[in-house]
Amino acid sequence: MDQKLYLNSEVRRLGHFVNRCERYMDDILFGWEKNMMDREYIDQQNRIIEAPSITIKNVLIALGYFIDNEKESFLNPSDKCKKMIRDLVLHIVQKHSHRGTKIHHIQDRIILLKYSIMEVITKWKVLEEHELKYVGAFFDHVINQFTDIAVNDFQTAFETLARPILNLNNYDELCGEIVSKTCSLLPQDYCSLVTFYNDTHSVRISDYTGELFSELMHPIDWELIDKVRKEKITYMKTVRKKDRLQDWAQISGPIEINNKVVGVLSLHYRSAHHFDYDEQKMLEILCRQAAVSIHTLKLYKKLSYAYQNSKFVNEELRLTKSRLEESNKNLLELDRLKSMFIANISHELKTPLNTIIGFSELLMSSLEDKIPEQNLKDLNNIYQSGKYLLRLINDILDLSKIEAGKVEFENEEVDLYEIVLNGAMTLRSLIGDKNIEIKYNFDPYLPKIMGDETRIQQVLYNIIGNAAKFTNEGSITISARADFENQRAIFSVEDTGIGIKKEDQSKVFERFAQISNKQFNIEEKGSGLGMTIAKELLSRMGGEIWFKSTYKKGTTFYFSLPLNKQ
């Protein structure tokens, strides 16, 4: 692709917008560089945007075309405009691929460019105020294209990681392949794989420069490696120093076979890095896959040896072949491993967590009048944090079981009046000493239905739990009525609580969604899965869930169940 995007006859009409912006090109470039400095990119100068002025010019040309032609359909632009945006993104990506720059690095910088352009447009009034929404929509489409490319690259790399395992000839090649493919899957400055054999270890390193491993060029936190090896769980560490050039971060996960850690896979950053949930879980999934790959190779070697010595080890050959076939099945079922991964980890956490909760509760009750108040508060913090983590783990387990289709639903006669009454009684215990009036309304014509009483109660309790948590005064009303026209029963829980902002309403049913309410002194945290679980349960029971909310006035959640569910 040429250095500049091709300007056809339609794009030439955009000269007015581009020329106005070009007057402030220095302001845009300065703001962009300042934003990158503020985001601690100074230590990654070898990955900066190539020819930034050309990149800015191309983005402005595409933006001008978008504003001029897609005002009526800016949320869903024409195919021609989509192609133009995709060409722009591909052009930027291809310019930087030779440096080994990760797509997420480029995407971050384009987001910072958006902020710089918005500042200039707003400051110098290049566009009318009502036209700023088109700029935001344009960059949303650009970022989505980056995401699509990243997802496609991820899928390709993931398939590539699994494909050649049985074709490798030795253990060293397999370890090198694991390191190389991990680098292609996850963002990092370099990746390391430490493997253990008896009392010795070996290190394999990979980064985009292709340098060989050395402690000076590729420092490794061996304390973190030892901790992961001993405790068999993923750990992460970020170090910030006065000199930002000395900042670093590392996340390490265990490669475990038959309850023994045979290696530790790590991602390293030469700057301070905040590890998010997706990075941690993807590294853990890769560690599990690496374990399967290593185990498969070992079985493959055993199979080869057994084949060469078939006269003496026929029975061993049969067993090893069976194990190899089972390992191959596991390799082809990566999606199932991913869905089961969270459940397995959660089970491993519950046992020590229950011990922590039990001992902290015992210590509080036995030492209440014997230790300082501050120590008692610390014990209570441990106890409350343990309960919160246990709720989170239980919710994760529930959700994983539902998605895996392992939850069985009863089909029994359910008295919905009892459901409402029990919900009101539960709500009374949840509100404690808050000044809240509890109301409940029940349609006398609402018949009994066939369904799973326990799961219906679980849905209702999840909703009233949120109502109690986010309501400090006023009232909470639980209602149930019949909708014979649509053959369904409709429940509602109405509160006079803090409500939900419009910009947050799309997050309500998302996993691990936590809506900030610090200004209302809401201290209790949830798992962020309650409404997700409620929606999944209702979906499998043939129902629906929805809500309406006014910020600072209250929220009403509704859910429905079929009257004739059999």
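The values are calculated or read from the model by the stated rules, or taken from the named source; none is laboratory data. All values reported here derive from a predicted model rather than from experimental measurement. Cβ coordinates were reconstructed from backbone atoms using ideal geometry, including for glycine residues, and neighbour counts include every protein chain displayed. We work out accessible area using only protein heavy atoms, side chains counted, and drop any ligands, DNA or RNA first. Shrake-Rupley method; radii C 1.70, N 1.55, O 1.52, S 1.80 Å.
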Name the residue that is modelled with the lowest pLDDT, counting only residues in region 1-21 that are open to solvent by 70 Å² or more (accessible area, probe 1.4 Å) and either within 18 Å of Phe139 (Cα to Cα) or in a helix (DSSP H, G or I) (or both). Ser9
Of all residues in region 244-274, count the ones that are open to solvent by less than 70 Å² (accessible area, probe 1.4 Å) and assigned to a loop (DSSP other than H, G, I, E, B). 4
Quick one: would you say Thr471 is of a type in the set (Ser, Thr, Tyr), touching a helix residue (DSSP H, G or I) at 6+ places or on another chain (Cβ under 8 Å) and modelled with pLDDT of 85 or more? yes
Just checking, how many residues over region 151-180 are open to solvent by 50 Å² or more (accessible area, probe 1.4 Å), outside any helix (DSSP H, G or I), closer than 20 Å to Thr195 by Cβ and modelled with pLDDT under 65? 0
Filtering region 186-200 down to residues that are surrounded by fewer than 19 Cβ atoms within 10 Å (Cβ to Cβ) and at pLDDT below 85 yields Pro187, Tyr197, Asn198, Asp199, Thr200
For region 470-507, how many residues are small (Gly, Ala, Ser) and in a loop (DSSP other than H, G, I, E, B)? 2
Tally time: how many residues in region 234-254 are hydrophobic (A, V, I, L, M, F, W, C) and without any contact (Cβ under 8 Å) to a residue 40 or more places away in the chain? 4
Among (1) at pLDDT below 90; (2) part of a helix (DSSP H, G or I); (3) not small (Gly, Ala, Ser), Leu446 falls short only on (2)
Can you find a residue that is at pLDDT 70 or above, in contact with a helix residue (DSSP H, G or I) (Cβ under 9 Å, 6 or more places away or on another chain) and loosely packed, with under 14 Cβ neighbours inside 10 Å anywhere in region 361-368? yes
Any residue that is assigned by the TED database to the domain that holds Gly497, open to solvent by less than 50 Å² (accessible area, probe 1.4 Å) and in a helix (DSSP H, G or I) - is there at least one of those in region 409-418? yes
Is it true that some residue in region 468-488 is over 20 Å from Thr555 (Cα atoms) and within 36 Å of the chain's Cα centre (by Cα)? yes
Can you name the number of the only condition in (1) modelled with pLDDT under 90; (2) open to solvent by less than 20 Å² (accessible area, probe 1.4 Å) that Ile490 fails? (1)
Tabulated pairs, region 407-422, first touching a residue at least 12 places away in the same chain (Cβ under 8 Å) and within 10 Å of Gly451 (Cα to Cα), second part of a helix (DSSP H, G or I) and open to solvent by less than 80 Å² (accessible area, probe 1.4 Å), C-beta under 7 angstrom, 6+ apart or interchain: Phe409/Arg455; Glu412/Glu453; Val414/Glu453; Val414/Ile456
If you go through region 183-206 one residue at a time, how many are more than 17 Å from Glu279 (Cα to Cα) and assigned to a loop (DSSP other than H, G, I, E, B)? 2
Matching residues, region 381-398, being under 12 Å from Ile356 (Cα atoms) and open to solvent by 60 Å² or more (accessible area, probe 1.4 Å): Asn381, Ile382, Gln384, Ser385, Lys387, Leu389
With respect to Glu279, is the statement that it is within 19 Å of the chain's Cα centre (by Cα) and among the acidic types (Asp, Glu) true? yes
For Leu216, state whether it is at pLDDT below 80, farther than 30 Å from Asp38 by Cβ, open to solvent by 10 Å² or more (accessible area, probe 1.4 Å) and part of a loop (DSSP other than H, G, I, E, B). no
